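Please treat every number below as a calculation from the coordinates, not as lab data. Treat the numbers as computed from the prediction; the structure is a model and nothing was measured. Please note: Cβ atoms are built from the backbone with ideal geometry, for glycine as well, and neighbour counts cover all protein chains shown.
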Amino acid sequence: MNSTANMKNFASFWQKQLLNLRIKNYSSIGVNTSKPNRAKVTINTIQKLYKSKEPITVLTAHDYPTGLFVEKAGIEICLVGDSLGMVALGYQNTSPITMEEMLHHCRAVTRGAKSPFFVGDMPFGSYETSPTDALKNAIRFIKEGNMEGVKLEGGSEMLETIQKITRIGIPVMGHIGLTPQRQSSLGGYKIQGKTADKAKKLIEDAKVLQEAGCFAIVLEAIPGPIATCMTKMLHIPTIGIGAGAGTSGQVLVQQDMLGIFDRFMPRFCKQYAKLDKIVTDAIKAYREEVKAGTFPAKEHSYPIEKEEYDKFVQFINGNENSSLDK
């Protein structure tokens, strides 16, 4: 038999095998995120939303699936927040998470989401030591993490650091009010700006961040009226989290709003779903069906033609007999 005939027989054999195994049904059809359903969100997009007074939506993500959720939902800004240290990695607070861990999760998120504007949360210790260190790590977020901007916590003391980062073209999102990386010095996760003097200091910090070049500022755990006043006094968007409805946009931690995080639920968070029970019940049902022998059922298994199976049985029987003869 010539080589052409051999190739045809080989191709025919494998076509038959693929048909028998129903390879097309092997896995679910994946979602193609290489071609987003909307235009890419940029700094210009965010500025247009702000100027038109359309609220800006921000949501955290920490891996491919959560990035995909952000993509499908049409969220404008995807924040890979250091909160993932708690909600995804199980740390007691956000302080232990490292640059390497953050960059790892940033890359995973951008495999799922394509359209949002990506902001990476600079972890504790990556920007406080010096503006130069901060710049080096901000560059890593862009080069290694596929981010488009960075977020860092702090007020007027961050002026030089923010200026150094923005000067080379990296967008910076500020963060004042309750700053989780500094929660120990704040006495815990407590509301900020409750007195006139403290509220005045927040406004001063916000203005400094604006002058330093921040494209937006997160206001966390601040009385609504104070946050509204701050928003009106600034010329850049404010993103509220526990700061009332008067800000330019809102941000939540995805695991909080989906009811997945198990330790506590912030007062400012609205649970749009309670996936903890849904997922746990599903896994319990799977365990029970495996124990009872009802899973997998016939529809979860792949068939084989009787003729091919008979050949296989003959092969097995032949081998067994050969072993016995020896």
Neighbour net charge for P131 - beta-carbon separation under 9 angstrom, K R +1, D E -1: -1
Environment charge at R140 (Cβ cut-off 14 Å; Lys +1, Arg +1, Asp -1, Glu -1): -3
Cβ-derived FRET efficiency at R0 45 Å, Q314 paired with D276, nearest 0.05: 0.30
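Counting other C-beta atoms within 10 Å, which of S156, S301 has the fewest, and how do the rest follow? Each step should come with its number before you reach the end.
Details: S156 15, S301 8.
Ascending Cβ contact count within 10 Å gives the list S301, S156.
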Burial ordering of T228, T195, T110, fewest other beta-carbon atoms within 10 Å first: T195, T228, T110
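Neighbouring Cβ atoms within 10 Å as the yardstick, rank I241, I43 fewest first.
I43, I241
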